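So the structure is just underneath, and the comments pick up after that.
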Amino acid sequence: MTCEQAKPRMTDYWSLTLGEAEQKEFSAHLASCEACRSEVSRVGALWQSLDLLPLEEPSGKVRERFYEMLGAYRQGLASAETQPAKRWWTMPAWQMAAAAALLAVGLGAGYVARGNGQPPAEVSQLREEVASMRQLVALSLMQQQSASERLKGVSWSYQVEPSDTEVLNALVTTVNHDPNVNVRLAAVDALRPFTGSPATHLAARNAVVQALPKETAPIVQVALIDFLAELKERNAAPELRRLVSDPDIDSGVRKRAEWALERMQ
Amino acid sequence: MIKRVGIGIGLAALAAVQLGAQEGRQQITMPFRDPSMPRKLIVEGGTGSLTIRGYQGQDALIEYTGREIPGANNRRGGRNDPPDGMHRIGGSRGLDITEENNTVRVNSQGIFGGTARDMVIQVPAQTSVNVKTMFGGIMTIENISGDIEAENFNGQVTINNASGSVVAHSMNGKILVSLDRVAADKSMSFSTFNGDVDVTLPADTKARFKMRTDFGDIFTDFDVKMEANAAPVVEEEKDRKGKSRRRVRVDGTQSGTINGGGPEMQFTTFNGRILIHKK
């Protein structure tokens, strides 16, 4: 094996994805080549420091995303293999430096382009990437065990495009199922931007209508009722009437439901 | 890998049970398996008062008493009445304490036992605490530097000397919180339906407040930079006689920042005041 053949296999070596024969050849080359040995140990150090990053509590979604990422990584490998000889810019260290530089340029470009009328195509692509990163942050925070973290996820959701159905779905799940009253309360408020977007307003309205019968905490019931009144959501009228006539419901909530019914007239 | 202590249901006890000096007062020690890992305490149920306190030790110490409560079964001549010349030292109160993955879970369903329970739980200060009671009285949490989640259906929630994060709710009681220190990136939320929300924060706290009270006022001695309210919404609507009229509505949530802004803190009450004190 030559140096040029060995270099692309370094990450494979550390990720233990080399075939048996390849592994032998690779080790043989390392034994004979000082430059490649030091390169491999550099890549290895990076791998190990990646290992030291704290582990997240995995949930079902995390697993799904991991496989999505793995798929993308494999695709990347496959397309890399079809390229002929490897050049300096394909070395991991250079790629990382380039990625960092690109990120800096991107942030700079985004900053400069802020407020301009029509952003160039690259900037809007960058914006998309930032948007999807925000989406990821919001989604993963909303799945955390700590209520404080989930609250943070809910406030991140204000930073995604209101047409983002995945974040909307996560918020709806939170409104319906989060065990913490305060988190549900914050999530109800966070649905508001979605009722203004043509892509999601129907789903968001329905979510509010469907959440009300399930909710038991008066403070969240009132937040939902206010929201329905604001939306003039007639579909909620039967549930509001039920609340008004249910003696087990808190009197403050019943009065609010009555008020909402009047507003919808 | 579950340690389980069942009192009154006769499961094998791995923890030390000792009778306190006081009549009917008992203490259980439940160690956290790995002192170097994050600890968590989960408390569910309970009908009496509940106090959770951070202390210097390593274990969870659970101390409780059975308190007589009025009720058909407890009246003189009722099913749970002590026989002449005797007093209650224990019984089927359904207290269940488990430890799993450094999480100690205290599950107390006293409503079926006919006696209420006053409970004091001590844990190392650096423990995350998650408490939820439906029929409890006053809930007090002190000296905890982990994340606190507290929910009380009927009673007041008091949190003193907290230095992690707080997410607290009471349905029919006051929320009284005092934080010694505020972590730079923690979101917090304080809410009650019927009662005041009274929170004391260190003077240098950086935060963005979101405040809402339906029937009450908001007071603070912080220098809050209020954000403009959401733009008033003008609605065209028809009155009962079919004449069209106009209504201007302003969203009731108010926002503002202190010390330049930071993570979000939400204060919500329906019937009550919001008081935010500077420490």
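At a glance:
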read-out: Matching residues, segment B:135-147, being more than 11 Å from every other protein chain (Cβ to nearest Cβ) and not polar (S, T, N, Q); value: B:Phe135, B:Gly136, B:Gly137, B:Ile138, B:Met139, B:Ile141, B:Glu142, B:Ile144
read-out: Options A:Ser148, A:Ser140: the member that is in contact with a Lys or Arg (Cβ under 6 Å, 6 or more places away or on another chain), crowded, with 18+ Cβ neighbours inside 10 Å and either touching a residue at least 60 places away in the same chain (Cβ under 8 Å) or not assigned by TED's automatic domain parsing to the domain that holds A:Leu202 (or both); value: A:Ser148
read-out: Test for A:Val154: is it within 14 Å of another protein chain (Cβ to nearest Cβ) and within 30 Å of B:Thr269 (Cα to Cα); value: yes
read-out: Residue in segment A:192-230 that is nearest to B:Glu264 (Cα to Cα), counting only those that are acidic (Asp, Glu) and assigned to a helix (DSSP H, G or I); value: A:Asp226
read-out: Complete set of residues in segment A:159-191 that are in a helix (DSSP H, G or I), within 14 Å of chain B (Cβ to nearest Cβ) and modelled with pLDDT of 90 or more; value: A:Thr174, A:Val181, A:Asn182, A:Val183, A:Arg184, A:Leu185, A:Ala186, A:Ala187, A:Val188, A:Asp189, A:Ala190
read-out: Single residue of A:Asn206, A:Asn235 found to be away from chain B (no Cβ under 14 Å) and either within 29 Å of the chain's Cα centre (by Cα) or surrounded by 15 or more Cβ atoms within 10 Å (Cβ to Cβ) (or both); value: A:Asn206
read-out: Hey, B:Val199 crowded, with 24+ Cβ neighbours inside 10 Å and modelled with pLDDT of 95 or more or not; value: no
read-out: Candidate set from segment B:148-194 (those that are more than 11 Å from chain A (Cβ to nearest Cβ) and closer than 22 Å to A:Gln221 by Cβ); member that is surrounded by the most Cβ atoms within 10 Å (Cβ to Cβ); value: B:Val157
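The values are calculated or read from the model by the stated rules, or taken from the named source; none is laboratory data. All of these numbers come straight from a predicted model, not from anything done at the bench. Neighbour counts run over all protein chains shown; Cβ positions are idealised from the backbone, glycine included.
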